[in-house]
Amino acid sequence: MTFLCDFDGTVATRDIGAALLARFGRPAWRLWDVLAHRGALPLRVAQDLQWRGVRASIQELRAEAFRVGRVRPGFEEFLAKTAADGHRIIVVSSGFSFYIDAVLGPLRSRVELIANDLLPAVKGFRIAWAPLRYACASHRPCKVAVLRKLPGSTVLVGDGVSDTCGLRSSATIFAVEGSFLARLASAQRRPFTAFTDFRAVV
Ligand SMILES: [Zn+2]
């Protein structure tokens, strides 16, 4: 079995990308965020606009991510249990490798990662996107595009707008309690399990 885990707000207790945009981005980042949540703008278009406006070095962003990032309780135990049972763990994130590495620290070597990265541009940053084969119309990478390339059954663990395609897939869904994904799944009467501690996922 494969566990596809979202990062921001799921493996990490808060949305690190949003925290960085709140500190270093232009105020308009919130507008792009609202439009992406309403489905009025593909998430990846919103991200492109948001990160163009960031004024900081990658070192400053990494240091801030390390300062504010916390791994969700139970994640280390979850990794130990799933590894012992022979399962595969892939963190699939619309966020960026540089801050996922910073927040996970030594746990990083215990997961596979499919994510984007940030490259400095003349103004702000441009996004070095994950491979196109993992994209859908809204997300890059999209967890369902990844799921379709995997053998066997899949568990999707998430919280937000980057996880919504999963609701239309055959995956077993775990959604962070009270999250956007949990509310959307409830509204669509899509079965899922709510959780706050990763030990509840295995
Ligand atoms: Zn998608």
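We did not get these values from a lab; they are worked out from the coordinates using the rules stated. Note that the structure is a prediction, hence the values are computed from the model and not measured. Every residue, glycine among them, receives a Cβ derived from its backbone with ideal geometry; neighbour counts consider all protein chains shown.
Quick one: work out the % antiparallel among DSSP beta bridges in the stretch 2-200, nearest 5.
20
About the Cα centre of the chain, how large is the charge dipole given +1 on each Lys and Arg Cβ and -1 on each Asp and Glu Cβ? Please answer in debye to the nearest 20.
Computed charge dipole of the chain: roughly 520 debye.
Work out the charge dipole of the stretch 2-200 with +1 on the Cβ of Lys and Arg and -1 on the Cβ of Asp and Glu about the Cα centre, then indicate which of 32, 171, 17 is farthest towards its positive end.
32
Compute the FRET efficiency between residue 55 and residue 80 as 1/(1 + (r/R0)^6), taking r as their Cβ-Cβ distance and R0 = 35 Å, and round to the nearest 0.05.
So the FRET efficiency works out to roughly 0.30.
Report Rg(Cα)/(2.2 N^0.38 Å) for the stretch 20-77, keeping two decimals.
1.34
Full-extension gain between residue 22 and residue 148, please, as 0.36 nm times their residue separation minus the C-alpha to C-alpha distance.
So the chain would gain 42.0 nm between residue 22 and residue 148.
With the crude spin-label approximation of a point 7 Å out along Cα→Cβ, what separation in nm comes out for residue 14 versus residue 109?
2.9
Mind pulling up the Rg/Rh value for the stretch 2-200? Radius of gyration and Kirkwood radius, both on Cα.
0.94
Got a sec? Which residues in the stretch 144-185 would a label at residue 132 touch, if it sits 7 Å along Cα→Cβ and we count backbone N under 20 Å?
144-149
Using a basic spin-label model with each label point 7 Å from the Cα along Cα→Cβ, how many nm lie between residue 121 and residue 63?
Each label point is offset 7 Å from its Cα along the Cβ direction, giving 2.5 nm.
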